[in-house]
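Here is the structure we will look at, set down as structure tokens.
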Amino acid sequence: PDIVAIDGKTSRRAHNRSRGQNPLHLVSAWAARQRLVLGQQACAEKSNEITAIPELLERLELTGALVTIDAMGCQTKIAAAIRNKGADYLLALKGNWPALCAEVERFFADAGPDTCQHH
């Protein structure tokens, strides 16, 4: 499938400290196979990526794609938005979801050699 990578970046040089302006922070959708940016959404700061990502996803045609996002985007609303667009997701998981993270760690710790093999 087409892989669409969603990631936020701060443009460190795109601000003017003397005027009290903050750096520009953009969330971008990158089409890996085509090697181009599909869209961008500005947000006030890195912590606002959680609200900017669904806004960006809404504007994209994602049917059949695999959308990847770092742990910041591991949110149930974001996962639902991706599925509603006809795509699948691969979300990074860290301590932002402690119970789920522990469950996944237990699964892989208890997994036998045949757990992840295709039949």
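The values are calculated or read from the model by the stated rules, or taken from the named source; none is laboratory data. If you're wondering where the values come from, they're calculated on a predicted model, not measured in any experiment. No Cβ is skipped: glycine too gets one built from the backbone with ideal geometry, and neighbour counts run over all protein chains shown. We work out accessible area using only protein heavy atoms, side chains counted, and drop any ligands, DNA or RNA first. Shrake-Rupley method; radii C 1.70, N 1.55, O 1.52, S 1.80 Å.
Below are the figures for this structure:
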| read-out | value |
| --- | --- |
| Conditions (1) assigned to a helix (DSSP H, G or I); (2) open to solvent by less than 80 Å² (accessible area, probe 1.4 Å): number failed by T68 | (1) |
| Extreme residue, farthest from the chain's Cα centre (by Cα), among residues of the stretch 10-31 that are surrounded by 12 or more Cβ atoms within 10 Å (Cβ to Cβ) and modelled with pLDDT under 90 | H15 |
| Any chance V37 is hydrophobic (A, V, I, L, M, F, W, C), closer than 12 Å to A5 by Cβ and either in contact with a Cys (Cβ under 6 Å, 6 or more places away or on another chain) or open to solvent by less than 40 Å² (accessible area, probe 1.4 Å) (or both) | no |
| One residue from D114, D88 being at pLDDT 95 or above, open to solvent by 30 Å² or more (accessible area, probe 1.4 Å) and over 12 Å from D7 (Cα atoms) | D88 |
| Qualifying position, being assigned to a loop (DSSP other than H, G, I, E, B) and over 10 Å from the mean Cα position of the chain (by Cα), among L60, L56, L38 | L60 |
| Single condition K94 does not satisfy, out of (1) part of a helix (DSSP H, G or I); (2) open to solvent by 80 Å² or more (accessible area, probe 1.4 Å); (3) touching a residue at least 12 places away in the same chain (Cβ under 8 Å) | (1) |
| Counted residues, the stretch 76-90 - those being touching a helix residue (DSSP H, G or I) at 6+ places or on another chain (Cβ under 6 Å) and within 15 Å of I50 (Cα to Cα) | 2 |
